[in-house]
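Below is one structure, written out as structure tokens; the observations come after it.
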Amino acid sequence: MPAPRVYKTEAIVLRQRKLGEADKIITLYTPNYGKLEAVAKGVRRPKSRLGGHLEILTYTSAMLAQGRNLDVVTQAQVIESFAPVRDDLDRLSRALYAAELVDRFSPEGAESYHIFQLLLATLRRLAGGAGADVVLRYFEMQLLNVAGFQPQLHHCLGCQRPLTPVPNYFSPAAGGVLCSSCGAGTVSSRPLSVSALKVMRLLQDGAFGNVSRVRIGSRLAQEVEFHLRAYVIHVLERDVRSAAFIDRLRREGIGEPAGVSD
Ligand SMILES: [Zn+2]
């Protein structure tokens, strides 16, 4: 929806970059206007009234005015700052990853109330002390769903037959699971255990409350992370602007987990 000349919106701050001497360009994710960039003037000055209300990952209420190129933030007020996330480097890095993924998956101006709600819920879960791994996997899978890239986890993408509870294969290039006959020897497909497929289906179809109650051992968690990460990278590779982010994901990414290598 096009924004009026002066408008108020809730937003989560995804990113910031410096502009000129004292300003910043802030990337916001809003419930009704999707992702947008706006100028925050003077926020790098120590006495700025705006600065503290536009920190990265802050859930804020902002007043914006349409500018010739970019809109300008005229007022902002923190709604939630997710302090426990900022005090814990591990949770902070995961929250930043979630914000960056939303940024990468969202074209400017394409509104998605679901993505806004998903990011907000993810930040609240990280701040509230839920298991950070399961929070992130759930976020990744749900973001893929909402963005229209949900992997196929119920039938084989080769022969179209329903999957049976035997070790199958996960293929990012195919867009999901290949059965034990179709997946064997296929480039880019990796063995997928029965348990990992169950967990991935639960992440795709289940409510977070149900997913978070399931006990997932570290090896299984690693396998699920490996497949989801590979799939996210595959989807993002179509977007050349994401090249640096993909390199970082690869560098930070886990190696192929034990028992999943071919
Ligand atoms: Zn098949």
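The values are calculated or read from the model by the stated rules, or taken from the named source; none is laboratory data. Since this is a predicted model, take the numbers as computed values, not measurements. Neighbour counts are summed over all protein chains in view; Cβ atoms, including those assigned to glycine, are modelled from backbone coordinates with ideal geometry. With ligands, DNA and RNA removed, areas are computed over all heavy atoms of the protein, side chains included. Shrake-Rupley method; radii C 1.70, N 1.55, O 1.52, S 1.80 Å.
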A 1.4 Å probe over the protein heavy atoms gives the chain a carbon and sulfur accessible-area percentage of 50
The chain, Gaussian network, Cα under 10 Å: of Gln66, Gln77, Gln142, the residue fluctuating most is Gln66
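How much length is gained on full extension from Leu19 to His154, taking 0.36 nm per residue of separation minus their Cα-Cα distance? Working shown, then result.
Working: separation 135, 0.36 × 135 = 48.60 nm, distance 4.80 nm.
So the extension gain works out to 43.8 nm.
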Note: Tyr7 to Gln66 extended length (0.36 nm per residue) minus current alpha-carbon separation gives 20.4 nm
Quick calc, Leu96 & Thr164: beta-carbon distance into FRET formula, R0 45 Å, rounding 0.05, result 0.70
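Considering only protein heavy atoms, what per residue accessible area in square angstrom results for the chain with a 1.4 angstrom probe?
Values: 13050 Å² over 262 residues.
I get 50 Å² per residue for this part.
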Taking a ≥ b ≥ c as the square roots of the Cα gyration tensor eigenvalues, with a/c under 1.5 meaning rounded and otherwise prolate when a/b beats b/c or oblate if not, the range 1-83 comes out oblate
Partner lysines whose C-alpha sits under 24 Å from that of Lys41, ignoring same-chain residues fewer than 8 away, are Lys8, Lys18, Lys24
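With a/c under 1.5 counting as rounded, go ahead and sort the range 121-230 into rounded, prolate or oblate using the C-alpha gyration tensor (a ≥ b ≥ c being the square roots of the eigenvalues; past the cut-off, prolate if a/b is larger than b/c, else oblate). Don't jump to the answer; show the numbers that get you there.
Numbers: a/c = 2.17, a/b = 1.84, b/c = 1.18.
Judged from the Cα gyration tensor, the range 121-230 comes out prolate (a/c at least 1.5, a/b above b/c).
Could you work out the equivalent-ellipsoid semi-axes for the chain, taking the square root of 5 times each eigenvalue of the Cα gyration tensor, largest first, in whole Å?
On the way: eigenvalues 286, 68, 51 Å².
The equivalent ellipsoid of the chain has semi-axes of 38, 18, 16 Å.
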So, with points 7 Å from each Cα along the Cβ direction, the Tyr113-Ala243 label distance in nm works out to 3.9
Once phi for every residue in the range 38-43 is put through the Karplus expression 6.51 cos²θ - 1.76 cosθ + 1.60 (θ = phi - 60°), the whole-Hz ³J(HN,Hα) values, with Gly and Pro written as x, are 9, 8, 10, 7, x, 6
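For the range 44-148, rounded, prolate or oblate, judged on the Cα gyration tensor with a ≥ b ≥ c (square roots of eigenvalues), a/c < 1.5 rounded, else prolate if a/b > b/c? It would help to have the intermediate numbers written out before the result.
Numbers: a/c = 2.43, a/b = 1.29, b/c = 1.88.
Cα axes put the range 44-148 in the oblate bin.
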With all protein chains in place and a 1.4 Å probe, Ile26 shows an accessible area in Å² (nearest 10) of 0
Each label sits 7 Å from Cα toward the beta-carbon; between Ala184 and Ala130 the label points are separated, in nm, by 4.0
Taking placed amide H atoms and a strict 5 Å upper bound, the residues 5 or more places from Leu192 or on another chain that come that close are Asn168, Tyr169, Phe170
